[in-house]
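The values are calculated or read from the model by the stated rules, or taken from the named source; none is laboratory data. Since the structure is predicted, the reported quantities are computational estimates derived from the model, not experimental observations. When we count neighbours, we look across all protein chains shown, and the Cβ atoms used for this are built from the backbone with ideal geometry, even at glycine. When the accessible area is computed, the model is the full protein with side chains, heavy atoms only, and any ligands, DNA or RNA have been set aside. Shrake-Rupley method; radii C 1.70, N 1.55, O 1.52, S 1.80 Å.
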Amino acid sequence: MDASGVPHAGSYASAMKVVVIGATGTIGSRVVQLLETEHRVVSVSRSGPIRVDMADPESIARLFATVNGIDAVVCCAANAPTATPAARASRTS
């Protein structure tokens with residue numbers, strides 16, 4: 001584990017420290033699952049141990065001040081409506 005609490009990936013000499021924003025969502029959780037086989041992943045979301053609010057520049061600045069040695073950032077954050085397209089269409093008809 002490094003200073004920010006991120007476990008080191010196996011024995012991969014070229015493992016990168018990758019921040020995944022939106023890590024608890026549908027797409028983000030799968031991205032984390034795939035990346036963590038070869039890299040050190042820092043999972044970030046609106047609710048979790050490491051949090052960020054993408055609408056708040058200060059929150060983003062705090063994230064990068066807190067997590068050191070980042071090699072890459074993957075942003076899977078989204079604010080999607082919970083209703084399906086069919087359900088939304090039926091409300092407007």
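Looking at Thr37, Thr24, can you tell me which residue is touching a strand residue (DSSP E or B) at 6+ places or on another chain (Cβ under 9 Å), part of a loop (DSSP other than H, G, I, E, B), at pLDDT 90 or above and open to solvent by 40 Å² or more (accessible area, probe 1.4 Å)?
Working: Thr37 fails: touching a strand residue (DSSP E or B) at 6+ places or on another chain (Cβ under 9 Å).
After ruling out the rest, the residue left standing is Thr24.
If I ask for residues that are open to solvent by 90 Å² or more (accessible area, probe 1.4 Å) and part of a helix (DSSP H, G or I), which ones from the range 40-63 would you list?
Pro57, Glu58, Arg62
Within the range 10-21, which residues are buried (at least 17 other Cβ atoms within 10 Å of the Cβ) and either at pLDDT 95 or above or part of a strand (DSSP E or B) (or both)? Write out each step before concluding.
First, the residues of the range 10-21 that are buried (at least 17 other Cβ atoms within 10 Å of the Cβ): 15, 17-21.
Matches in the range 10-21: Lys17, Val18, Val19, Val20, Ile21.
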